[in-house]
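Notes for the one structure printed next.
Quick note: the coordinates plus some simple rules give every number you see, no bench work behind them. In this text the structure is predicted, and so the values were computed from the model without any measurement. With ideal geometry, Cβ positions are generated from the backbone for all residues, glycine too; neighbour counts draw on all protein chains shown.
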Amino acid sequence: MNNAVTFAFVDVIDSVYHERSWSFAQERAADIDDNWRRLCAQRSGVFDGRVLVADRWSLEERAGKRVLATRHFATDFRNFIALRNFGFPDPDVRTCFAAAALMSCEGDWVLGEMGAHTANAGRVYFPCGTPDMDDVTGAQVDLAGSVLRELEEETGIAPHEITTDDDWTIIFESGRIACMKIVRSSLSTEALASRIRGFLAAEKDAELAGVHVVRSRADINPDTMPLYIRAFLERQLQPG
């Protein structure tokens, strides 16, 4: 697995938005529509809104700070899902997103299982989401804001209830750029998990179906956790 992922550590993410057409979406439209129809038949909660994907990314040094610079454009969710499901056939476009690596005060990691009605049913992630137009202000894409928004939407944990580490762990894996921000809660592991479960029980259409706690490498599940999640956890939980 170590050969399949690359890590970088940055102080700042500088993301910009621009508009463009996408040849993949145009040339594979029939295949994309077929893929979308099959997904809709299986999942009731998918919505073909506009999301952002990245067509430029680089690691830079600016004024003594490590920077991940990215450029994004908007496309229909069905095109994004097809890009992923087809194995990322366009090497010039990746999904680039921010994830809240949620940690209890005891140092345990708290993740969520995606609900059966979602596009990623059964998969276990940290709170995250593909950025969309709500994350765009002018020409800027706010991935740091996306982390806090997704955390609250999925778990009910509000920004004032947590602290965030200053830096980012960036994981390059296949067609993904996962921007991991460590988010720390003052609650114990059990209290944090219970708090999230209570929020999910009260939600009519909760995005998550459950909570998973990772205390050691033995809790990392390759059957339900994507590669970038496993890579992040294994690095965090390595001895020493």
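Restricted to the range 106-121, and to residues there that are of a type in the set (Gly, Ala, Ser) and closer than 19 Å to Trp36 by Cα, the residue that is surrounded by the fewest Cβ atoms within 10 Å (Cβ to Cβ) is Ala116.
Among the residues making up the range 17-32, those that are over 23 Å from Gly138 (Cα atoms), surrounded by 12 or more Cβ atoms within 10 Å (Cβ to Cβ) and of a type outside the set (Gly, Ala, Ser) are Phe24, Arg28, Asp31, Ile32.
From the set of residues in the range 183-199 that are within 14 Å of Leu151 (Cβ to Cβ) and surrounded by fewer than 20 Cβ atoms within 10 Å (Cβ to Cβ), which is nearest to the chain's Cα centre (by Cα)?
Going through the qualifying residues, I end up with Arg184.
Kindly establish whether Ala30 is of a type outside the set (Asp, Glu) and either free of Cβ contacts under 8 Å to residues at least 12 places away in the same chain or under 30 Å from Gly156 (Cα atoms) (or both). For Ala30, the condition - of a type outside the set (Asp, Glu) and either free of Cβ contacts under 8 Å to residues at least 12 places away in the same chain or under 30 Å from Gly156 (Cα atoms) (or both) - is met.
Could you please find all residues in the range 138-162 being in a strand (DSSP E or B) and within 17 Å of Cys96 (Cβ to Cβ)? If you could, list the steps in order and put the result at the bottom.
Here is the first cut: in the range 138-162, the residues in a strand (DSSP E or B) are 140-141, 162.
Correct list: Gln140, Val141.
Residue under question is Thr75, and the condition is that it be assigned to a strand (DSSP E or B), surrounded by 19 or more Cβ atoms within 10 Å (Cβ to Cβ), in contact (Cβ under 8 Å) with a residue 60 or more places away in the chain and over 15 Å from the mean Cα position of the chain (by Cα); does it hold? No, not satisfied.
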